[in-house]
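Notes to accompany the following structure.
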Amino acid sequence: MDWHSIFDQARTDVVFLFPEAMLVFFGLATLLTDFLLTKPQKSWNALTAMLGVLLSGASLWLLVRPATEHQTAFSNSIVIDPFFIFFGSILLAATALAILLSVRYLEVEDEQSGEYYGLVLLAAAGMMFLACGNDLVVLFVALQTVAISFYVLTGYLTRERRANEAALKFMLQGAFSSAILAYGFSILYGIAGSTNLELIQRAVQQRHADFPGADLLTFLALGTITAGLLFKIAAVPFHHWAPDADQGALAPAAAFISVGSRVAGFALLLRLFLTVFWPVNLDWAAVLAVAAVLSLTLGTFAAITQTNLKRLLAYSSIAQAGYILLGLVAGVNRDGTLHERGLQATAFYIFTYAFFSAGAFGVIILLRQKGVIGDEIDDLNGLIHRHPVAAVFMLIFVLSLAGVPPTAGFVAKLLIFWSLLETGHPYLALMGALYILPAVYYYFRIVAAMWTTDGSDAAQLPLVIGVTQKFALTAAATITLAAGIFPEQFLRFAKYSILGSFGL
Amino acid sequence: MFFFSEHHILSTVLFTPLVGALVLLFMPHGLGDLQRKVANAFGLLGFIVSLPLLWKSKSASAEPFQFIADASWIPSLGVHFRLGVDGLSVVLVLLTTLLGAIAIASSWSAIQTREKEYYILLLLLQTTVLGVFMSLDLVLFYAFWELMLVPMYFLIVAGGSENQASAAIKFFLYSLAGSVLMLLAILAVYAHRGTFDVREILLHPFTAQDGHVGNWLFVGFVLAFAVRVPMFPFHRWLPDALAEAPAAAALLLAGVVLKTGAYGLLRFSVPMFPDAMWKFRSLLVGLSLIAVVYGALICVAQKDLARLLAYSSISQMGLGTLGIFALTPMGLYGSVILQVSHGLATGALLLVTGILYERRGTGLISEFGRLAKPMPKLAAIYAAVTLASLGLPLFGAFIGELTILHGAYEVRWYWAAWSLLGVILAAGSLLWFYQRVMFGAEANPANTDWLDLDRRELALLLSLILLSLWIGLYPTPLFRALQRPVENIVSAVHPEFRSTAHLRLGTSGYETAARTPAPKPTLPTGEAK
């Protein structure tokens, strides 16, 4: 291959990088344009950042058609398939929500700056690469990009001691988990002699055929990589960073980290498990089932006693991750083939989770007013009188988190239970269903607070809400309701993302 | 007319309250009485649009369900928006729209704060209950079933007090605990039958041939309904909920929400799982018999009007489930008639409670006494509804109780004898309560200068009493409407009855049935199952 053909190839390939390139470009641009803006103008940075997200979304839209043909680029190191389109759009939507929710919050906090938006966009670019990476090196670099941006975002409020503590904890544990993950990647490289996922898949398949039964080396790779990824999605027993990070970080950053880390983590988890570990699926289903059960149990029962809203949502998100993991468990039939409905359920759950979880954080973000921190349950007291629309939005998100119709969470949980029953896991389904009860109990503490008449002093103040926040919350609530009442299109999208990419 | 055509009438009935709720939602605050008027208009409209069901339904139709509306809702899951009714549903739908309208009308002066939200919740609750009675798709049914909890929760919690919050969450969690198991059971039904269509599943019920599956699914379905009825060990939520809810919400809770439980038993548990039904019958009958007497005994000790009604409802509902689980046509007829008359009579009693509460701010019996003097009209009405509720002849509850006792007697004489004990006890405590409130030893000085019933209150209560009287005096139309559904249920679960059923239940409903001598103590073959 001479230089010319490489150049030609790169020129066509570069189109496939546009979604990420836009994010990186505008992320760096906010860092530069920040210097041109005076202090009152700083909120314009958000506009630049939103422009980047929109252009990235447009480029993703242009890739929809190539994606159906399963394109690869840059010597097979990234892959453009429906799976990428699906997770890319969730990630961009989550990024957009985070930016829209941030503007007024940073204004109140008096911390408006270009770096914040730059970091959000760079993290988003990293997450997009996690969704399309087809090569261990690309994936690892993307993971680190995301992780480092997240550490800084967590500790963004340097004057806040809690934020510093959370960032340090997050970083130490994150470095630990990345090391374990890298160890697992190196074993995979050792097995296949290549960093390309397709080649690794073939090698693992070969090994599986050569060593029927227990193959320690693949199992070690499976175990270490699972541990690393469970950290990213904050599943038990690798969840310790999540409550601290969510409570310590700025509320909009917490929303972004909580949702983004899980969506991107699940994207990577799904891709690795559906390609590389697909031959040894019986083992991974068992491993994930254990993690799911632990996450559900701990997340649910720890959330009951919380009084801080961000911490409560952090624990409830751990339980949500447990439900999504249950969906993955239901992605495999007893005979080892992949189960369509289970994977569809997982994808649908992740899609809708991004919206209703970000929405719930969004209402907490609204509570931050001049002189009011507003992240305790008591701060919600009497919200129905202060701002009825915000209270109803919160109700919608909370019902969805709990899985009550007519919201997206109900359809998502219904699908998970259904596929668990179909794949012969009635006890897991029963457990998942029964855990709804304590979940309703703690979610309805939020609802009861909003509907009480006696509010604290802070609760008497009027609630000032920014235009962008209104827009973001309305969008999130609309999707949560739409996916609950008319889920058909969302279900098709979820199915297409899995079937079109892994062709069961 | 489009809205009343064969395929659209059910949707019209279902969505009228929802449209009302949406209209109210977009009405600005501060329009004075306009919101009240709009809410009342939609309540009344909801009742009026449901009336054509009365004369349009053909009891002779070959299809068990009529007015089918069927649209694909979630094609990739095989879930349909499928509505349809039989005689049983029509009776309960009309009860719901009637009590819905009355509940809204009764709130005119009782609710003074945040009336807009309040009316929206009442209308939403009405829609979800109607949805439960009409759904012929299991997932749609479940969605309405669980959705019902949300407006009910907020109706209870709306006052904002600590007690209300705890009563509301208690109600929610009790109901949900049963429901989540039913959700799994519904999904398992799909796994075995490949459809969510209720009609299909009723055609292919789960029998002993399906092995243990039928038993498990039966348990899943029955638990959800038993909590809602409520049956004996699952009843703890009802007294708190009834005591804490505002009068109109309590009226809807006791009047129609409880009925969804019995409806579920009649529509799903019994005919879909006949063999499991027989297996669990003695347990369920036992629980019903306990409820009848237990509820009545607790009644005697109550100090609060609403709690008294809660326990008398538990007792009456125990009688209702006894009628269902007797699995004889008489028991089933009686059970439905008792449900309807309980809705009317207890609804009226709850309204009276609400009126007392509105004037006095409490429901504690110790605060009342000699009310007959300042409020003669209320005393007369209260006497009438108490008598209607405790099953005096001429009133609907009497017909219901008599028919149930008949049905129970057909199976085991001591079932009837035991439950008669409960009926008498409950009647006694209701009367004793009445005596203490209206006459009593001494008048509470705070109660002397009360206004008697106004014209609106009088009209609402009288309409309930007249309907109850109508059922008591001329129940034939009700029997006729229920004949097909009852026959279908009995033939599904008790095929031995089928051969003789049309002989005894003939064509003209109650008269024929009543004159026919009671059948020989039911067939041993049926019992042996």
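Observations
- A:R492 being in a helix (DSSP H, G or I), touching a residue at least 60 places away in the same chain (Cβ under 8 Å) and open to solvent by 30 Å² or more (accessible area, probe 1.4 Å): no
- Within the range B:183-219, if we keep just the residues that are part of a helix (DSSP H, G or I) and of a type in the set (D, E, K, R), the residue that is nearest to B:L147 (Cα to Cα) turns out to be B:R199.
- Check on A:V398, part of a helix (DSSP H, G or I), of a type in the set (V, I, T) and surrounded by fewer than 22 Cβ atoms within 10 Å (Cβ to Cβ): no
- Filter pass, B:A41 being touching a strand residue (DSSP E or B) at 6+ places or on another chain (Cβ under 6 Å) and free of Cβ contacts under 8 Å to residues at least 24 places away in the same chain: no
- Residue under evaluation B:W73, criteria (1) more than 26 Å from A:P406 (Cα to Cα); (2) modelled with pLDDT of 90 or more; (3) open to solvent by less than 60 Å² (accessible area, probe 1.4 Å), criterion not met: (1)
- Evaluating B:L130 against the criteria (1) over 12 Å from B:L53 (Cβ atoms); (2) assigned to a helix (DSSP H, G or I); (3) touching a Pro at 6+ places or on another chain (Cβ under 8 Å) leaves one unmet condition, (1).
- Pairing residues of the range B:194-215 that are within 21 Å of B:P64 (Cα to Cα) with residues that are part of a loop (DSSP other than H, G, I, E, B), at Cβ distances under 6 Å and at least 6 apart in sequence or on separate chains, gives B:V198/B:L136; B:F206/B:F273.
- Scanning the range B:161-179 for residues that are at the interface with chain A (Cβ under 7 Å from one of its Cβ atoms) and open to solvent by less than 10 Å² (accessible area, probe 1.4 Å) returns B:F172, B:L176.
- Filtered residues of the range B:75-93 (kept if within 14 Å of chain A (Cβ to nearest Cβ) and basic (K, R)): none
- Given (1) more than 9 Å from chain B (Cβ to nearest Cβ); (2) hydroxyl-bearing (S, T, Y); (3) surrounded by fewer than 23 Cβ atoms within 10 Å (Cβ to Cβ), index of the condition A:Y441 fails: (1)
- The one condition in (1) facing chain B (nearest Cβ under 7 Å); (2) open to solvent by less than 30 Å² (accessible area, probe 1.4 Å); (3) more than 19 Å from A:G299 (Cβ to Cβ) that A:E422 fails to fulfil: (2)
- From A:I465, A:I384, A:I377, A:I373, residue being surrounded by 23 or more Cβ atoms within 10 Å (Cβ to Cβ) and either more than 25 Å from A:I99 (Cβ to Cβ) or not aromatic (F, W, Y) (or both): A:I384
- Yes/no for B:H80 being in a loop (DSSP other than H, G, I, E, B) and either open to solvent by less than 20 Å² (accessible area, probe 1.4 Å) or at negative phi (or both): no
- Number of residues in the range A:390-419 that are more than 11 Å from chain B (Cβ to nearest Cβ) and either touching a Lys or Arg at 6+ places or on another chain (Cβ under 6 Å) or more than 13 Å from A:I446 (Cβ to Cβ) (or both): the value is 3.
- Of the numbered criteria (1) at negative phi; (2) in contact (Cβ under 8 Å) with a residue 60 or more places away in the chain; (3) surrounded by fewer than 24 Cβ atoms within 10 Å (Cβ to Cβ), the one A:A98 fails is (3).
- Flag if A:V24 is more than 14 Å from A:Y116 (Cα to Cα), out of contact with any His (no Cβ under 7 Å at 6 or more places or on another chain) and of a type outside the set (S, T, Y): no
- B:V180 free of Cβ contacts under 8 Å to residues at least 40 places away in the same chain, out of contact with any Ser or Thr (no Cβ under 8 Å at 6 or more places or on another chain) and assigned to a helix (DSSP H, G or I): yes
- Of all residues in the range B:38-57, those being open to solvent by 20 Å² or more (accessible area, probe 1.4 Å) and either of a type in the set (A, V, I, L, M, F, W, C) or at pLDDT below 90 (or both) number 12.
- Qualifying residue in the range A:268-282 (condition: in a helix (DSSP H, G or I), free of Cβ contacts under 8 Å to residues at least 24 places away in the same chain and open to solvent by 40 Å² or more (accessible area, probe 1.4 Å)): no
The values are calculated or read from the model by the stated rules, or taken from the named source; none is laboratory data. Treat the numbers as computed from the prediction; the structure is a model and nothing was measured. In this analysis, Cβ positions are derived from the backbone assuming ideal geometry, glycine residues included, and neighbour counts consider all displayed protein chains. Protein only, heavy atoms only, side chains kept; ligands, DNA and RNA dropped before computing areas. Shrake-Rupley method; radii C 1.70, N 1.55, O 1.52, S 1.80 Å.
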